[in-house]
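A short write-up of the structure that comes next.
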Amino acid sequence: MDEKNNHYKELMSRMNSAHDQQFYLEACWFAYTVLEDRLLSALRQSGGPTYANHRPIRMLGKKMQEIRQRKRNDALLAAYFDDPLMDRIHKWKEDRNDLTHAMADGTKTMAEVDKAAYLLSMSAKKLVKDVCAAARRLKKNREKA
């Protein structure tokens, strides 16, 4: 458990450090990783990190999709990973993907990329904090149940 906790703390530290040093794309990379990790934690707390056929759930969007499915039969999961939070995760993921594609196809100037990366990193800080809190509350209250 300590190893997992240390890894999580290191990811958070690197995300914050990258943002503070104005490495916004790197900060977003770490934010994405933390979001994946926390959604995986929510999946573990709600039936396991695999589909019914025991295949691992990979990719952020697929994890989100599975959480939305499980919420129908899991009031505790639904309480902490409510629709507004899930919608924020989805929007952030889409904004990140849009930025990545714009960088690849050259539809944004580097100044526009820099601004978008900054805004994405700023929104990630709040989103990561909220998702981490939801995962923590889910685990804490699942243990009490």
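In this rough spin-label picture, where each label sits 7 Å from Cα along the Cβ direction, the R44-H101 distance is 3.3 nm. Couplings 3J(HN,Hα) of region 125-137, computed from phi: 4, 5, 4, 4, 4, 5, 5, 4, 5, 4, 5, 5, 5 Hz, in residue order, whole Hz [Karplus 6.51 cos²θ - 1.76 cosθ + 1.60, θ = phi - 60°; x for Gly and Pro].
Think of it as helices only: each DSSP H run of n ≥ 4 in the chain is worth -39500 (n - 2.57), and spread over all residues that comes to -27500 deg cm²/dmol at 222 nm.
Over region 1-130, what is the mean sequence separation of C-alpha contacts under 8 Å (at least six apart), divided by residue count, expressed as relative contact order in percent? Normalised by residue count, the contact order of region 1-130 is 28 percent.
Each Lys and Arg Cβ is given +1 and each Asp and Glu Cβ -1; about its Cα centre, the chain then shows a dipole of about 740 debye. Ranked by the mean number of other Cβ atoms within 10 Å per residue, highest first, peptides 117-125, 136-144, 10-18 order as 117-125, 10-18, 136-144.
Reported value for the chain: 115 Å³ per residue, from the convex hull of its C-alpha atoms. In region 2-144, a dipole from Cβ-located charges (positive for Lys and Arg, negative for Asp and Glu) runs towards its positive end, and of T33, L99, A75 it is A75 whose Cα lies farthest in that direction. Listed peptides 93-102, 50-59, 34-43 appear in the order 34-43, 93-102, 50-59 once ranked by packing, highest mean of other Cβ atoms within 10 Å at the front. Scalar couplings 3J(HN,Hα) for region 105-111, obtained by applying the Karplus form with A = 6.51, B = -1.76, C = 1.60 to θ = phi - 60°, are 9, x, 7, 10, 6, 5, 5 Hz; x denotes Gly and Pro. Only lysines eight or more places from K140 in sequence, or on another chain, were considered; those with a Cα closer than 22 Å are K4, K9, K63, K71, K126, K129.
Since every read-out is calculated from the coordinates, none of them should be taken as a lab result. As the structure is a computational prediction, the values presented were derived from the model and not from experiment. With ideal geometry, Cβ positions are generated from the backbone for all residues, glycine too; neighbour counts draw on all protein chains shown.
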